[in-house]
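What follows is a single structure, written as structure tokens, with notes after it.
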Amino acid sequence: MRPLILISNDDGYQAKGINELIEMVRPLGDILVCAPDGPRSGQSCAFSVTLPLTLKLVRQEEGLEVWACNGTPVDCVKMALGNICKSKPDLVIGGINHGDNASVNTHYSGTMGVTLEGCMKYIPSVAFSLCDYRADADFSPLSPYVKAIAAKVLNDGLSEGVCLNVNFPLLETKDYYQGVRICRMAKGTWYNESARFHHPRGYDYWWMQGHYRNDEPEAEDTDNWALQHGFVAITPTQIDVTAYKAMDSLKAFETL
């Protein structure tokens with residue numbers, strides 16, 4: 001029996017990244033896609049509690065089904081697991097995202113929301129992102145890495161509560177990556193995060209935007225450093241966010 005791979009994203013089911021991903025991993029198993037019906041970037045692990053959800057089958061062929069959902073990326077995973085999957089998936093993949101999800105972007109990313117949701121359901125899960133926001137981004141250099149990583153996770157699994165956040169640098173001057181680095185998240189900060197505009201009808205409004213700053217640019221063990229130096233960055237990411245090192249220092253609260 002062929003493995004079942006569940007795929008979703010936050011750019012929508014029509015995005016180039018998810019459709020390139022489908023073709024990359026089709027040799028590895030049967031593919032079930034449940035993805036938003038439009039862009040849902042920045043949704044993180046949000047899910048819908050006030051919006052009725054819909055599912056629409058938009059593509060079906062041997063070994064492949066593509067469903068569109070009007071909800072968030074996490075909604076898509078929940079809906080797929082609860083209403084479409086005939087068996088538990090062997091692998092959940094988020095992406096391929098148009099734009100990186102390194103450093104603190106991990107916390108905002110709908111692509112990582114897909115992957116974290118799969119991980120919380122005890123399914124090996126991986127997110128793939130490319131540092132290129134263009135709709136027509138070239139995903140072809142990623143193919144051998146995506147196939148190899150997905151195949152290895154399918155074969156070996158992952159530790160319980162751990163998923164993989166995989167980011168690819170944009171190849172601008174070379175046609176190959178420098179290699180693969182296992183990294184930690186870089187410490188980073190977003191600033192100037194909104195832009196103000198004045199509407200002709202007399203009111204002000206804002207668009208969320210911003211600029212990212214790497215706060216430890218010389219740290220060679222981070223995802224930001226790896227991407228800036230042409231490496232594929234793989235960051236093991238865990239569901240348990242408990243600050244274990246802080247627990248002893250907080251014991252005094254138990255006497256309150």
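The values are calculated or read from the model by the stated rules, or taken from the named source; none is laboratory data. In this text the structure is predicted, and so the values were computed from the model without any measurement. Every residue, glycine as well, gets a Cβ built from its backbone with ideal geometry; the counts of neighbours run over all protein chains shown. Areas reflect the complete protein model, heavy atoms only, side chains present, ligands, DNA and RNA absent. Shrake-Rupley method; radii C 1.70, N 1.55, O 1.52, S 1.80 Å.
Annotation: per residue accessible area for the stretch 1-63 equals 52 Å², rounded to a whole number [probe 1.4 Å, protein chains only]. In this calculation the C-beta distance from Arg134 to Glu61 is compared with R0 = 22 Å, giving a FRET efficiency of 0.20. Every pair of different Cα atoms in the stretch 177-255 enters the Kirkwood calculation, which places the hydrodynamic radius at 16.4 Å. Normalised by residue number, the volume inside the convex hull of the Cα atoms of the stretch 183-224 is 56 Å³ per residue.
The lysines within cross-link reach of Lys78, meaning a Cα-to-Cα straight distance under 21 Å and a gap of 8 or more places when in the same chain, are Lys56, Lys86, Lys88, Lys121. Protection proxy ranking of 52-59, 216-223, 96-103, 17-24, by the mean of other Cβ atoms within 10 Å over each peptide's residues and highest first, is 96-103, 17-24, 216-223, 52-59. Taking only protein heavy atoms and a 1.4 Å probe, the accessible area of the stretch 1-105 is 51% carbon and sulfur.
Between Glu220 and Glu23, the C-beta separation translates, for a Förster distance of 51 Å, into a calculated FRET efficiency of about 0.90.
What are the trypsin sites (Lys or Arg not before Pro) within the stretch 128-200 that DSSP puts in a loop, where the Cβ has at most 10 other Cβ atoms within 10 Å? Walk me through the numbers on the way to the answer.
On the way: sites: Arg134, Lys147, Lys152, Lys174, Arg181, Arg184, Lys187, Arg196; in loops: Arg134, Lys174, Lys187.
The qualifying sites are Lys174.
So how far, in whole Å, is the C-alpha centre of the stretch 197-242 from the one of the stretch 140-154? What the calculation gives is 24 Å, centre to centre. Its alpha carbons considered, the stretch 47-186 gives a radius of gyration followed by a Dmax of 15.7, 48 Å.
To the nearest 20 debye, what charge dipole does the chain have about its Cα centre, counting +1 at the Cβ of each Lys and Arg and -1 at the Cβ of each Asp and Glu? Don't jump to the answer; show the numbers that get you there.
On the way: 22 positive and 31 negative charges, 97 e Å.
So the dipole magnitude of the chain works out to roughly 460 debye.
Along the axis of the charge dipole computed for the chain (Cβ charges of +1 for Lys and Arg, -1 for Asp and Glu, origin at the Cα centre), the listed residues Tyr176, Leu6, Leu53 are led at the positive end by Leu53. Name the lysines eligible as straight-distance cross-link partners of Lys245: C-alpha to C-alpha under 23 Å, and not fewer than 8 places from it in the same chain. Counting by Cα, and skipping residues close in sequence, Lys245 has these lysines nearby: Lys187. FRET efficiency for the Tyr244 to Glu172 pair, using the beta carbon distance and R₀ = 35 Å, is estimated at 0.30. So what is log10(I(q)/I(0)) for the stretch 86-131 at q = 0.15, 0.16, 0.25 1/Å, when the Debye sum runs over its Cα atoms only? Values, matching the q order: -0.36, -0.40, -0.82. With loop defined by DSSP as not H, G, I, E or B, and exposure as at most 11 other Cβ atoms within 10 Å, which is the longest segment of the chain clear of exposed chymotrypsin sites (Phe, Trp or Tyr not before Pro)? It works out to 1-121. Rounded to the nearest 500, the helix-only mean residue ellipticity at 222 nm of the chain stands at -6000 deg cm²/dmol, with each DSSP H run of n ≥ 4 adding -39,500 (n - 2.57). Taking Rh as the Kirkwood radius, which is the inverse of the mean 1/r over Cα pairs, what is the Rg/Rh value for the stretch 2-73? Reported Rg/Rh, Kirkwood definition of Rh: 0.98. Taking Val126, Val33, Val153 as the candidate residues, the one with maximal mean-square fluctuation in a Gaussian network model of the chain, Cα springs under 10 Å, is Val153.
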